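The structure under discussion appears below in the form of structure tokens.
The values are calculated or read from the model by the stated rules, or taken from the named source; none is laboratory data. Everything quoted here is computed from the prediction, not taken from an experiment. Because the Cβ atoms are built from the backbone with ideal geometry, glycine has one as well, and the counts that use them run over all protein chains shown.
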Amino acid sequence: MNAPPPPHAEPDDARDAASLAQHYRPLLIRYFRRHLDSIEDAEDLAQETLVRMMRDPQAATVGNVEAYLLTIAGNLLRDRFRRDRTRHSGLHVPLDEHAEGWPTEAICGERVYQDRERLRGFLKVLDELPPRCQQVFLLQRYEGLTYSAIARQLGISVSAVEKQMMRALLHFQTRWESP
């Protein structure tokens, strides 16, 4: 039976992902736990440290793997503190602690039915428009194109695009009864 190597010994192949993770992950988690409140954050950053080591093409030439990993870990920790300070994360309050009793967007059969009926009504009114008017409306409202971009794409003037949009909007205003 082979005994596991002592904690300070490096694995035979320090660049092998499994042996690298097995050997250095506990050290990294301890390092991050000294600086962070959350074990989950410590584990995430330890994983990120190992991933960055694996992705670094220069890692194969590193002489002291532990020092290199701790340098990466220190940089990640510094980045985390900067990001948290910028986002004022210390002032954030978990939503689940305060959201009890708030209205929810729970899907219910009646809501699904109403939304389907509303969509059917919209599509019916859309189908009543002439093809060019439909095309202009959809390019503007659903593709987000500007009037000038629509004009270029369809080979018509901006004024024609404006007229088609006005026609579509007036048609929807008079024909579509939204619930």
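Quick grid of which residues meet (1) in a helix (DSSP H, G or I); (2) modelled with pLDDT of 85 or more; (3) out of contact with any strand residue (DSSP E or B) (no Cβ under 8 Å at 6 or more places or on another chain); (4) of a type in the set (A, V, I, L, M, F, W, C):
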| position | (1), (2), (3), (4) |
| --- | --- |
| Val125 | yes, yes, yes, yes |
| Phe137 | yes, yes, yes, yes |
| Leu145 | no, yes, yes, yes |
| His171 | yes, yes, yes, no |
| Thr174 | yes, yes, yes, no |
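Pick out the one residue from Glu117, Glu110 that is touching a residue at least 40 places away in the same chain (Cβ under 8 Å) and part of a helix (DSSP H, G or I).
On the way: Glu110 fails: touching a residue at least 40 places away in the same chain (Cβ under 8 Å).
The unique qualifying residue is Glu117.
Take the residues in the range 35-67 that are in contact with a Phe, Trp or Tyr (Cβ under 8 Å, 6 or more places away or on another chain) and of a type in the set (Gly, Ala, Ser); name whichever of them is surrounded by the most Cβ atoms within 10 Å (Cβ to Cβ).
So, considering only residues that are in contact with a Phe, Trp or Tyr (Cβ under 8 Å, 6 or more places away or on another chain) and of a type in the set (Gly, Ala, Ser), the one surrounded by the most Cβ atoms within 10 Å (Cβ to Cβ) is Ala46.
Restricting attention to the range 108-142, report how many residues are hydroxyl-bearing (Ser, Thr, Tyr) and more than 23 Å from Leu170 (Cβ to Cβ).
Start the filter on the range 108-142 by keeping residues that are hydroxyl-bearing (Ser, Thr, Tyr), which leaves 113, 142.
Narrowing the set further to residues that are more than 23 Å from Leu170 (Cβ to Cβ) leaves 113.
The qualifying residues number 1.
For the range 34-79: of the residues being of a type outside the set (A, V, I, L, M, F, W, C) and touching a residue at least 40 places away in the same chain (Cβ under 8 Å), which is farthest from Ala17 (Cα to Cα)? Full working, then the answer.
Of the residues in the range 34-79, the ones of a type outside the set (A, V, I, L, M, F, W, C) are 34-35, 37-38, 40-41, 43-44, 47-49, 52, 55-58, 61, 63-64, 66, 68, 71, 74-75, 78-79.
Right, trim to touching a residue at least 40 places away in the same chain (Cβ under 8 Å) and you get 35, 66.
Details: His35: 25, Glu66: 14 Å.
The residue in question is His35.
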